[in-house]
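Contents: one structure, followed by commentary.
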Amino acid sequence: MDKFKILIVDDSKLVHVQIKDMLSNLDFEGRHIELDDAFGYEDFRKAYEPGKYALILTDLVMEEDISGIKVINHIRHELGDTKTRIVLMTANPEKVPRDLLLRDYDVNSYIEKQSMNEFTLKLTVVSMLKTYKDIIAFEKAINSIDYVMHNSKSMEVEDMLIETYFQIRSFIKLRLSNVEIEGEIYVDKGKIFPPSSPVARTPKKLKERYSFEVEILEKQVNLNLSTSKKLSKTDVEYVNALLSNLKYSYFYTELSGVENDLILRLSNLIETRSEETGNHVKRVAEISYLLAVDCGFDAKEAELLKSASGLHDIGKVGIPDHVLNKPGKLDENEFAIMKEHSVIGFEILKNSRWKVFELGAMISLQHHERWDGTGYPYGLKDGEIAPEARMVQVADVFEALTHDRCYRPAWPIDKAVEYMCEMRGKQFAPEIIDVFTKRLSDVLDILNQFKD
């Protein structure tokens, strides 16, 4: 991703000039930003295609009062593009359908032109580009793990290790701008990459160094990375997740008990952003497993749910930091943005060939639906909500209530239990709450076992 492209959709040439002037000296992680123009809905239709633009800045009123709505509808519903970020701009706020901003989750930010200035525009654009970059990078992470799992059986370990290195390299380059990366791979202390060359090559002196070790088919593998920029915890967790997946893919045609380790590492890619801990994922997974067994799931089904539950908040990768980690209650617009994470998670996971990711996609989409039909994103109710999503919701809410969050301190256990019971038949499925209360002592044991 050498550059980010932004499309300005507005029928006023003056607005195009003003926006380009405000963004003329914007630097986003050292990468070039390219600004394209569309002067109305029909012009937009000619210019737009999925994957071409990171961000769309669209006016509301152009040829028609709803031209901006048509732009949004074309991207989200006609083309099914959920990744491109959309900012709605208008000089006529009274004409903006409130449900578009607060219910349908198709718009990622909103600017009233009267109050738009260079600072607010740049802040919005940088926030949108960052979330777009993270969504694309995380989708790449999922695809890389999927690729390794399904191709390892047909490749020698050494060849698969080299391919894995290039997957890692591609992911890190998506995450870090203008980063330089060098890699070395050793198998049983013998160097297999980079290959020897008759032409003498002086390696670059890169200041950051990382070493990873894993045993595959009784072979000791060492992967050394040198980078020009420091890797984040997220990047390191991704490398560990990919290598962990590679290790187990040679033993299992489908993931089984090893799913928990892999999904835990993958989930940590999200938890490091949302300032929660890996133990949050463990607690939700263990409580979900407990509920599943008591609700009649067999051991294999319960283990699958235990693993998939860790992916319930994977869509938070697409939520801006200022919303995700706000130290206080979200306002109406911020909460609408936060609601997007359920759909984003579904879109990231839905095309995987793994059962655990397929189930994770469904849980991500439905774990904020409510038994009485007042949840999101689709207002499903009672039996319309998958049993797995109902269980993860109970586990997730109780775990969250009993632990500190950036927006409030932890609740006492008795207050949290009282809330869960009060929400029986409202937020939560009655039968899941009945199991929860019956096994409460075991649930509390899980909380104690996996303390932060």
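Readers should treat all values here as calculations from the given coordinates under stated rules, not as data from a laboratory. Predicted, not measured: the structure shown is a model, and the values here were computed from it. With ideal geometry, Cβ positions are generated from the backbone for all residues, glycine too; neighbour counts draw on all protein chains shown.
Taking the Cα centroid of segment 59-100 and of segment 363-412, what is the distance between the two, rounded to the nearest whole Å?
One Cα centre to the other: 29 Å.
Looking at the chain, which longest stretch skips every one of the trypsin sites (Lys or Arg not before Pro) that is in a DSSP loop with at most 13 other Cβ atoms within 10 Å, leaving the sites themselves out?
That gives 53-188 as the longest site-free run.
Too long at a 21 Å Cα-Cα cut-off: which of Lys130/Lys282; Lys5/Lys46; Lys20/Lys113; Lys3/Lys52; Lys140/Lys233?
Lys130/Lys282
Would you mind classifying the chain by shape? Square roots of the alpha carbon gyration tensor eigenvalues, ordered a ≥ b ≥ c; an a/c under 1.5 is rounded, otherwise it is prolate if a/b is larger than b/c and oblate if not.
oblate
Full-extension gain between Glu213 and Ser12, please, as 0.36 nm times their residue separation minus the C-alpha to C-alpha distance.
Length difference between fully extended and current span is 66.6 nm.
For Glu180 and Glu42, calculate 0.36 nm times their separation in residues minus their Cα-Cα distance, and state this gained length in nm to one decimal.
The Glu180-Glu42 span can extend by a further 45.5 nm.
For a label point 7 angstrom out from the Cα of Lys3 toward its Cβ, which stretches of segment 30-62 have the backbone nitrogen within less than 11 Å?
32-36
Grab the Cα-Cα distance for Ser196 and Asp404, subtract it from 0.36 nm times how many residues apart they are, and report the gain in nm with one decimal.
Net length gain for the segment: 69.6 nm.
With a 10 Å Cβ neighbour count serving as the proxy for reagent exposure, in which order, fewest first, do Leu231, Leu324 appear?
Leu231, Leu324
Tell me, what is the FRET efficiency for Phe166 and Asn333 to the nearest 0.05, using R0 = 51 angstrom and their Cβ-Cβ distance as r?
0.80
Using the Cα centre of the chain as origin and beta-carbon charges of +1 (Lys, Arg) and -1 (Asp, Glu), tell me which of Asn92, Tyr376, Ser307 is placed farthest towards the positive end of the dipole.
It is Ser307, whose Cα lies furthest towards the positive end.
In nm, give the distance between the simple-model label positions of Leu444 and Ser154, each being 7 Å from the Cα along the Cα-to-Cβ direction.
With each label point 7 Å from Cα toward Cβ, the separation is 5.4 nm.
Between the alpha-carbon centers of segment 1-21 and segment 333-362, tell me the distance in whole angstrom.
30
In whole Å, what is the distance between the alpha-carbon centres of segment 297-330 and segment 35-56?
33
Pick out, in residue order, every one of the chymotrypsin sites (Phe, Trp or Tyr not before Pro) in segment 382-432 that is DSSP loop and has at most 15 other C-beta atoms within 10 Å; say none if there are none.
Those satisfying the criteria are Tyr407.
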